[in-house]
Amino acid sequence: MASRQATFHENYAQDMAVLRTASAWAALVAFLLFLAVCPFFLSDRILTIMTMIGIAIISVHGLNILTGYCGQISMGHVGFMAVGAYVSAILTAKFGWSFWTALPCAALAAGLAGLIFGLPSLKIKGFYLIMATVAAHFIIIWLVLQFHHVTGGADGLPVPKPRIGSLVLKSKANYFYLVMVLTVLATLAAQNILRTRAGRAFVAIRDNDLAAEVMGISLWSYKLQAFFIGCVYAGVAGVLLVHYYAFASVDQFPFMDSVWYLGMLIVGGMGSTTGAILGAISLKLLDELVTIVGPMLSAAVAAQAAASLALITRGLVIIIFLIFEPRGLAHRWGMVRAYFRLWPFSHEE
């Protein structure tokens, strides 16, 4: 009887490969083909949901690098999304830059803002760092409102849609392709960051910063690198968000979204690229489910409770994962994969 054979790695490069087996490559190809053809048979509503999930995945990848890998908790992530969004909006709407030129500049601006507000992480940690990043969010939003002659202030700022030559990416399908391409590239980059010298330093700092410093790891350098990279991701997500709506407004960047992005990491699993993806997908789909179920419950429960159902549900899910599955969906997915890979000699952890 044929039996499954284990995959043995003969060198370090094989052990660190992102995709190690033929089945993994086949799954990736199948997924990319699905993304390529799904606009042909999915409705605009579903494409919108998938586009918002893609933007959330990019943002959560940045938070995962900062918090999941390096252990620097940030509650101001949405503020750095606003930096990237408004830089791109100003460059394209006020100065006539193309989207493709404004995107890297906006991402760099968000990264530089992350460097500035990441400086306190060199001296403080834990609760005090959380409060510093909370302050960063409100400082950024205050600056946007104060420079209303440039940013549009509370009235907002119209933003042109991206274009490729003469093709304007204004349809749901076109923008879906743009977001998915950037999401795939951002995922590959995030997965490979952990394999670099900086990625291993991030993990060492997260596990024990004192021991990491004793080993010769420069805490100030790598902490600032984590803030920079994480905020670059946030800037890209912010750019995609405002250009999707063709309008930039501070209302698109509420403080509570920073909390929910951290919740996505908790649900998906911190310190895992797969966890960032699963967490973003899970909570975004949960929001859509609540949107459908909420009106059905409005007759049975108080109107105020029905309106708050999304907040209640997300909070409850995060609490459940903190108690019963603190390592998130990525850990559970790993156990399922191990079960089938090792069968019939599978075991439970």
Positive dipole terminus of the chain, leading residue within Ala135, Ile116, Leu342 (C-beta point charges): Leu342
As computed over the chain, the Cα convex hull volume per residue (Å³): 185 Å³
In the stretch 12-96, chymotrypsin sites (Phe, Trp or Tyr not before Pro) in a DSSP loop with at most 16 other beta-carbon atoms within 10 Å: Phe41, Phe95
Segment Arg200-Leu188, extension gain: residue separation times 0.36 nm, minus the distance between their alpha carbons: 2.7 nm
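In Å, the Kirkwood hydrodynamic radius of the stretch 190-335 over pairs of distinct alpha carbons?
By the Kirkwood definition, the hydrodynamic radius is 17.7 Å.
Enumerate by residue number the trypsin sites (Lys or Arg not before Pro) in the stretch 93-131 meeting two conditions: DSSP loop (anything except H, G, I, E, B), and at most 11 other Cβ atoms within 10 Å of the site's Cβ. Please list the in-between numbers first.
Details: sites: Lys94, Lys123, Lys125; in loops: Lys94, Lys123, Lys125.
Here the sparse-neighbourhood loop sites are Lys123.
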Selection from Val181, Val232, Ile217 lying farthest towards where the dipole of the stretch 143-290 points positive, charges on Cβ: Val181
Surface accessible to a 1.4 Å probe, per residue, for the residues of the chain, Å²: 52 Å²
Mean separation of Cα contacts under 8 Å (6+ apart) over length of the chain, as relative contact order %: 27 percent
Amide H contacts under 5 Å for Trp97, placed H, 5+ residues apart: Thr92
Dipole moment magnitude, nearest 20 debye, the chain about Cα centre, only Lys, Arg, Asp, Glu C-beta charged: 440 debye
Approximate spin-label separation Arg45-Leu342, in nm, with each point projected 7 Å along Cα-to-Cβ: 4.4 nm
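For the chain, which whole-number percentage of the solvent-accessible area (1.4 Å probe, protein heavy atoms only) is attributable to carbon and sulfur atoms?
Values: 12690 of 18300 Å².
For the chain, the apolar C and S fraction of the accessible surface comes to 69 percent.
Thr313: net charge of surrounding residues, Cβ under 15 Å, Lys/Arg +1, Asp/Glu -1, itself excluded?
Values: positive: Lys284, Arg314; negative: Asp287, Glu288.
Every neighbour counted, the sum reads 0.
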Gain on full stretching of the segment that runs from Leu167 to Val259 - 0.36 nm per residue minus C-alpha separation: 29.4 nm
Debye log10 I(q)/I(0) at q = 0.09, 0.12, 0.19, 0.21 Å⁻¹ for the stretch 61-193, Cα point scatterers: -0.32, -0.56, -1.19, -1.29
Estimated inter-spin distance, Trp142 and Leu28, nm [label 7 Å along Cα→Cβ]: 4.6 nm
Where labels lie 7 Å past Cα in the beta-carbon direction, separation of Tyr245 and Met131 in nm: 3.1 nm
Using θ = phi - 60° and Karplus 6.51 cos²θ - 1.76 cosθ + 1.60, couplings along the stretch 107-114 (whole Hz; Gly, Pro as x): 4, 5, 4, 5, x, 5, 4, x
Cut-off under 5 Å, modelled amide H: who pairs with Phe247 long-range: Val159
Electrostatic dipole magnitude of the stretch 80-220 [Cβ: Lys, Arg +1; Asp, Glu -1; Cα centre; debye, to 20]: 380 debye
Number of Lys pairs (Cα under 26 Å; 8 or more positions apart or on different chains) in the chain: 10
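The values are calculated or read from the model by the stated rules, or taken from the named source; none is laboratory data. The model shown is predicted, which means the values in this text are computed figures rather than measured ones. With ideal geometry, Cβ positions are generated from the backbone for all residues, glycine too; neighbour counts draw on all protein chains shown. All accessible areas refer to the heavy atoms of the entire protein, side chains included, with ligands and DNA or RNA removed. Shrake-Rupley method; radii C 1.70, N 1.55, O 1.52, S 1.80 Å.
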